[in-house]
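The values are calculated or read from the model by the stated rules, or taken from the named source; none is laboratory data. Keep in mind it's a predicted model, so treat the numbers as computed, not measured. Note that we place each Cβ from the backbone using ideal geometry, even for glycine, and neighbour counts take in every protein chain shown.
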Amino acid sequence: MSLEIERKFLVASDGWRPAVHSTVRIADHLIAQFDGGKIRVRFCRQSSTLTIKGARRGLVRSEYHIRLSDTDAEAMIGEFSDGPALEKRRHEVDVHGLCWQVDEYEGPLRGLVTADVELPDADFPVAIPDWAGPEITGDVTFASRRLADAIAAGPVAVSGVLDTYRTMTHLQASKGFRQV
């Protein structure tokens, strides 16, 4: 079984930018949800991938990736997706031996920045960089479905998401690395 063990954070500052070693553009299309899991089609690096993620149990959930032709990906989106794509630039940053993925959302969600770090096991100690804001692992406020729903609902809903992000990151007083 393929597992994802991950923690997710809001990003409170641009302190990560000097350490970026790669950047890609991503478009995610949510095509189904079930019992806490989801299925999405992702376009990234001139390829298309179907990803199935199971329900989260703490930091852990099952995750499967299946390559698709662009034709099949477009057909699946046309038939099964009922919302807008989430567009973002993903930057990879190494912090104390772990690769952090910093996502800068584009389009209506421009200004929202999140970061996640995949871990070798759920108890692995993580040095949280000073640019990381509040942890949002398991918090549905910034879940893909909520973000896509906000875009579909229009500017007022998107402003609500961005206001929540700004409020949460400004309340976080991060100093240096913290071990959590």
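Filter region 129-153 down to residues that are of a type in the set (Lys, Arg) and assigned to a strand (DSSP E or B), then give me how many there are.
Filtering region 129-153 down to residues of a type in the set (Lys, Arg) leaves 145-146.
From the residues that got through so far, the ones that are assigned to a strand (DSSP E or B) too are none.
Of the residues in that region, 0 qualify.
Between 123, 103, 35, 72, which is buried (at least 16 other Cβ atoms within 10 Å of the Cβ) and not aliphatic (A, V, I, L, M)?
On the way: 123 fails: buried (at least 16 other Cβ atoms within 10 Å of the Cβ); 35 fails: buried (at least 16 other Cβ atoms within 10 Å of the Cβ); 72 fails: buried (at least 16 other Cβ atoms within 10 Å of the Cβ).
Testing whether each residue is buried (at least 16 other Cβ atoms within 10 Å of the Cβ) and not aliphatic (A, V, I, L, M) leaves just 103.
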Exercise. Mind checking which residues of region 51-69 are over 17 Å from the mean Cα position of the chain (by Cα) and buried (at least 17 other Cβ atoms within 10 Å of the Cβ)?
Worked result: 68
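Tell me, which strands (runs of 3 or more DSSP E) wholly within region 14-90 include 2 or more residues that are in contact (Cβ under 8 Å) with a residue 60 or more places away in the chain and more than 22 Å from residue 142 (Cα to Cα)? Can you show your working first?
On the way: elements: 20-34, 37-44, 47-53, 60-68.
Correct list: 20-34.
Identify the residue in region 141-158 that is loosely packed, with under 15 Cβ neighbours inside 10 Å and closer than 17 Å to residue 103 by Cβ and, among all such residues, is modelled with the lowest pLDDT.
First pass over region 141-158, keeping only residues loosely packed, with under 15 Cβ neighbours inside 10 Å: 141, 145-146, 152-156.
Restricting the remaining residues to those that are closer than 17 Å to residue 103 by Cβ gives 141, 145-146.
Numbers: 141: 93, 145: 89, 146: 93.
Residue satisfying both the conditions and the ranking: 145.
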Problem set entry | Filter pass, residue 136 being among the aliphatic types (A, V, I, L, M), surrounded by 14 or more Cβ atoms within 10 Å (Cβ to Cβ) and in contact with a Lys or Arg (Cβ under 6 Å, 6 or more places away or on another chain) | yes
Exercise. Can you name every residue in region 110-120 that is surrounded by fewer than 21 Cβ atoms within 10 Å (Cβ to Cβ) and either in contact with a Pro (Cβ under 6 Å, 6 or more places away or on another chain) or without any contact (Cβ under 8 Å) to a residue 60 or more places away in the chain (or both)?
Worked result: 110, 111
For this session: Looking for whichever is touching a strand residue (DSSP E or B) at 6+ places or on another chain (Cβ under 9 Å), among the acidic types (Asp, Glu) and farther than 28 Å from residue 97 by Cα here; the options are 14, 72. Which one fits?
Result: 72
Problem set entry | Filter result for the condition that a residue is over 20 Å from residue 106 (Cα atoms) and either of a type in the set (Lys, Arg) or modelled with pLDDT of 95 or more (or both), over 178, 166 | 178
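Quick check on my filter: what residues within region 91-128 are touching a helix residue (DSSP H, G or I) at 6+ places or on another chain (Cβ under 7 Å) and either among the aliphatic types (A, V, I, L, M) or in a strand (DSSP E or B) (or both)? Full working, then the answer.
Within region 91-128, the subset touching a helix residue (DSSP H, G or I) at 6+ places or on another chain (Cβ under 7 Å) is 93-94, 108-109, 111-112, 114.
Listed by number, the residues that qualify are 93, 94, 109, 112, 114.
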